[in-house]
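One structure is given below, encoded as structure tokens.
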Amino acid sequence: MPELLRMFLVFAKVGVMTFGGGYAMLPMLMRELVEKRGWLDTEEFANMTAIGQCTPGIIAVNMATYVGFKRRKNIGGIVATLGVIFPSVIIVSVIAAVLRGYTELPAVRHAFAGIRVSVCALIVKTVVSLWKTSGKNMFSVILILVVFAASVLIDVSPTLLVIGSALLCILLGLYTERRAKKGGAE
Amino acid sequence: MIVLLRLFYEYFLIGLFSVGGGLATVPFLQDLAARTGWFTLTELADMVAIAQSVPGPIGVNLATYVGFKISGIPGVLAAVLGIVTPSVAVILIIAHILMKFKDSKYIAWAFNGLRPASCALIAAAGVSMAQLSFWSDGAFNLKAIILLAVLIPPMLKTKLHPLVYIAFSAVIGIIFKF
């Protein structure tokens, strides 16, 4: 099968299997792209998740564009993106055209209350695996805790937190490098 | 035709300015409803409920619904292409830069900060989702907490597909009336 078609189908599959959007999609993306196909490694996955949080648009779309680009340049990015949105476009159009009051059915409401619980559990799993690539030393563990507290307790914008953390680590890198150089000169 | 162009344009702006995806587009849509009268706020609430309860990214689901409501299938295409175009462009640019400067120490340092921040933000999103699931009407939702306790161990120890847990908890949700 041509690579582009295969990529379209893989991302369409991801699009159809994900409920709850955003972070709820992460475990599914990780399973399909990292564990099953090796199209990304865990570190790249963590990097892309971070980029998705400080760039405009939908995280799943960002991830699709990046993976597509990595495999087949610009056209790959576009094809993967079209793949991930394709099922939504079909399903939601059908619902908008024919189904009314779908969300008021008791069975649908109960099912989604149940699904929300498993999404919470899946988020725990994602955090555990990202922790392994993110919290490698004391400094990054502290950074994780500080950002978490800032987001939960005082509701700081995620964009600010992400960009701030990146700048902080660039400054830290410069500082460490400078000190190492000074140490070497003495 | 004018409506379609307008729809594309409005959604292009939403795609450009809603950082963090999904539900971040809702405030923009409230504003759009007020300015254009294309849909009411009650209709918007229904659309959000449906966008969250079908598969796929919420932002795309919502764009599809709004587009369909305004002018059928052509409306869907205009809104969906509008919302994804800015993010595709931005990510392609970032991907080009990353490939070109992949050995740069500055980029490596930046990612040392980005990864922990991202991990923390996902945990924070989990907390707000947990509030919704485990705390209702001023009391703990015991059924949901038991389900969570049942789900976590196999999830961390086995490699079952995430969809298995989602299907399982949907069935449990229906049987035990969550």
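Annotations
- Matching residues, segment B:1-29, being closer than 23 Å to A:Tyr23 by Cα, modelled with pLDDT of 80 or more and either within 14 Å of chain A (Cβ to nearest Cβ) or touching a Ser or Thr at 6+ places or on another chain (Cβ under 7 Å) (or both): B:Tyr11, B:Phe12, B:Leu13, B:Ile14, B:Gly15, B:Leu16, B:Phe28
- Subset of segment B:66-106 (residues that are among the aromatic types (Phe, Trp, Tyr) and modelled with pLDDT under 90): B:Phe101
- Residue match in segment A:80-88 (condition: touching a Ser or Thr at 6+ places or on another chain (Cβ under 9 Å), farther than 20 Å from B:Val76 by Cα and within 9 Å of another protein chain (Cβ to nearest Cβ)): no
- Residues (polar (S, T, N, Q) and not in a helix (DSSP H, G or I)) located in segment B:92-140: B:Ser104, B:Ser136
- Meets criteria (under 22 Å from A:Met28 (Cβ atoms) and either in contact with a Lys or Arg (Cβ under 6 Å, 6 or more places away or on another chain) or polar (S, T, N, Q) (or both)) for A:Thr126: yes
- Test: residue in segment A:132-155 that is surrounded by fewer than 16 Cβ atoms within 10 Å (Cβ to Cβ) and within 7 Å of chain B (Cβ to nearest Cβ): no
- With respect to being under 30 Å from A:Ile144 (Cβ atoms), crowded, with 24+ Cβ neighbours inside 10 Å, at the interface with another protein chain (Cβ under 7 Å from one of its Cβ atoms) and modelled with pLDDT under 85, A:Val119 fits the description.
- Residue match in segment A:114-131 (condition: without any contact (Cβ under 8 Å) to a residue 40 or more places away in the chain and part of a loop (DSSP other than H, G, I, E, B)): no
- Test result for B:Ser87, surrounded by 20 or more Cβ atoms within 10 Å (Cβ to Cβ) and touching a strand residue (DSSP E or B) at 6+ places or on another chain (Cβ under 6 Å): yes
- Residue in segment B:73-94 that is of a type in the set (Val, Ile, Thr), more than 9 Å from every other protein chain (Cβ to nearest Cβ) and closer than 30 Å to A:His110 by Cβ present: no
- Per-region count, segment A:92-111, residues among the hydrophobic types (A, V, I, L, M, F, W, C) and either touching a Lys or Arg at 6+ places or on another chain (Cβ under 8 Å) or in contact (Cβ under 8 Å) with a residue 12 or more places away in the chain (or both): 1
- The number of residues in segment B:30-65 being facing chain A (nearest Cβ under 9 Å) and in a helix (DSSP H, G or I) comes to 14.
The values are calculated or read from the model by the stated rules, or taken from the named source; none is laboratory data. Please read all numbers here as calculations on a predicted model, not as lab measurements. Quick reminder, even Gly has a Cβ in these numbers, built from the backbone with ideal geometry, and neighbours come from all protein chains shown.
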